[in-house]
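The values are calculated or read from the model by the stated rules, or taken from the named source; none is laboratory data. Keep in mind it's a predicted model, so treat the numbers as computed, not measured. Using ideal geometry, Cβ is built from the backbone for each residue, glycine included, and neighbour counts are taken over all protein chains shown.
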Amino acid sequence: MIEKTAVTYSCVIVEDDDASRLILENYISRIDFLVLKASLQSGKEGFNFLINNPDVDILLLDINMPEMSGIELMKSIPNLPETILITTESGYAVEAFDLKALDYLVKPVQFERFAKSIHRAIDTIYFTKRQASQNEDLKEIYVKSNSKFYKLSYQDIYFIEALADYVLVYTENTRYIVYSTMKAIEEKLKGSTFIRVHRSYIVNMRKIQFIEGNTLIINAKHIPISKTYQDSLFQRLNFL
């Protein structure tokens, strides 16, 4: 049996065979911590969904499909989820692993083999996120304030506030006044745990204490969340 966990993982099925797709849906329903976001019937549907939903954790992908095969889909998506390939043949194994497929299941797929593959995917996701978090802690940035350059690690920065032609960079106990624009700061911090939540605020998601309505609290500061940035923020937060 698979152990229960408080964390949920999203998955998508892309499979043109109705019977195989129903079996996979049933297997997913038997695992409490898996959430099925979509069950799609073609590579083209899968491509369109994944392009618009980059936060999917696990992709269950058939190889042999008309119009767009599973291999073609994998080559077309820049940032794939952890991908488990499912097929009636074993001849694609080398190409699949060259494309960094996590696992390769041959039909008919048994539940025990499916569950083992899901555990492997979750282990990979966990360690990848853990490594990214550790790398984030090591990142540093220099800010010029009062004619001095101050070295700050990303984990020390709580949030950034716009102030006319300047920005205010807040740590736990210090505020640095920096001559810059929010756009420049946002670009500099792209791909990190920082996110724009308002035209006047960029926040470190790891410093958010709680969210109430359209306001988030960081270090006793009430920061508004504008409708423009609300969806992108909520997509990156891990809700139970």
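Points worth noting:
- Test set (1) at positive phi; (2) within 23 Å of the chain's Cα centre (by Cα) - residue 219 fails condition number: (2)
- Qualifying residue in the stretch 58-80 (condition: of a type in the set (Asp, Glu), closer than 17 Å to residue 119 by Cα, at pLDDT 90 or above and buried (at least 19 other Cβ atoms within 10 Å of the Cβ)): no
- Among the residues listed as 120, 130, the single one being modelled with pLDDT of 90 or more and either not in a strand (DSSP E or B) or not assigned by TED's automatic domain parsing to the domain that holds residue 202 (or both): 120
- Summed over the stretch 33-56, residues that are in contact with a helix residue (DSSP H, G or I) (Cβ under 6 Å, 6 or more places away or on another chain) and outside any strand (DSSP E or B) total 4.
- Candidate set from the stretch 81-102 (those that are part of a loop (DSSP other than H, G, I, E, B) and among the charged types (D, E, K, R)); member that is modelled with the lowest pLDDT: 89
- Counting the residues of the stretch 169-185 that are surrounded by 15 or more Cβ atoms within 10 Å (Cβ to Cβ) and out of contact with any helix residue (DSSP H, G or I) (no Cβ under 6 Å at 6 or more places or on another chain) gives 7.
- If you go through the stretch 145-173 and pick out every residue that is assigned to a loop (DSSP other than H, G, I, E, B) and either outside the structural domain of residue 222 (by TED's automatic domain parsing) or touching an Asp or Glu at 6+ places or on another chain (Cβ under 9 Å) (or both), you end up with 3.
- The set of residues from the stretch 179-235 being basic (Lys, Arg), under 13 Å from residue 160 (Cα atoms) and either part of a loop (DSSP other than H, G, I, E, B) or in contact (Cβ under 8 Å) with a residue 60 or more places away in the chain (or both) comprises 199, 221.
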